[in-house]
Amino acid sequence: MQKVLPVVVEAAIAGVITVGMSLAANLVTDGRSLWWALVLVALLSCAVAVDTVERLRKRRAEDPDVPIIPRSRSAATGKHIALGIALLTLLGSFALVVGRLVSTDASCRVEELRNYRELPYNCDIAWSRTDPAERRVPLYRWPKPGPVALDVLDADHSGSDQFFACQIESPDVSDGYGFSGGSRYWALAPGDDADLWGWMPQVFLEHGANGDREPNLPECSEEQKAKAGTTFVA
């Protein structure tokens, strides 16, 4: 029984890692594979740490001169070491995730040479997620999904440059619009049809499909929030 148990445990760990790797591969297009990578790294860290400690203990049993952590109440055990390594791995990976969101997942940038001072942020829209025959993105009166849009952003009207003022987080999750789920974040901009200020679900941003906050858009002030539904004046 003592020989069978380690084999079962190792097989279970290998199974979890295999399933996790498969899920990670399938989630690449959804922007979540990095989180699965963190889980896999933590599992591998635990497995390596436990295996290393056990190998050292076996060597000490054969040769007492081999240095090993002593077995005492105050000493760290193999499980504690494995847990510590996994925790440090997750914390370090979390820092990488934050840096990734700030550096590579930004859809917006400051456009200084712009006549409209209220719209300083030029953001990339993922027009491939819209109807290819229309390429129109809805703007809503309130930061919540609805059956009728207040106005739209039209790629054929304004071209590739889409300018925004700010963003807010709403308790209402936007619709997925056929891809990758919704988002709680909404960006404020004037529309192209009626020149009305409205809220755009940020799932339409180039890097918005993961539902995260756009790192380069500031929070809307109360004055900016009040613009929704009003006419845009250049």
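Some observations on this one:
- Full-stretch length increase - LEU56, ARG117 - with 0.36 nm per residue and alpha-carbon distance subtracted: 15.3 nm
- Solvent-accessible ranking of ARG57, ARG109, largest area first, probe 1.4 Å: ARG109, ARG57
- Ratio of the Cα radius of gyration of the stretch 168-234 to 2.2 N^0.38 Å, where N counts its residues: 1.13
- For the stretch 146-234, with +1 on Lys and Arg beta carbons and -1 on Asp and Glu, the positive-most of MET200, SER183, ALA165 along the dipole: SER183
- With every protein chain in place, the stretch 175-234: carbon and sulfur % of accessible area (1.4 Å): 45
- Estimated FRET transfer efficiency when R0 is 35 angstrom, pair ASP161-GLU222 (beta carbons, to 0.05): 0.80
- Using the average count of surrounding beta-carbon atoms within 10 Å as a protection proxy, the listed peptides 202-214, 137-149, 220-232 rank, highest first, as 202-214, 137-149, 220-232.
- Applying 0.36 nm per residue to the separation of ALA126 and VAL110 and subtracting their alpha-carbon distance, the gain on full extension is 3.9 nm.
The values are calculated or read from the model by the stated rules, or taken from the named source; none is laboratory data. Owing to the predicted nature of the structure, the values given are computational and were not obtained by experimental measurement. All Cβ positions, even for glycine, are placed from backbone atoms using ideal geometry, and neighbour counts span all protein chains on display. Areas reflect the complete protein model, heavy atoms only, side chains present, ligands, DNA and RNA absent. Shrake-Rupley method; radii C 1.70, N 1.55, O 1.52, S 1.80 Å.
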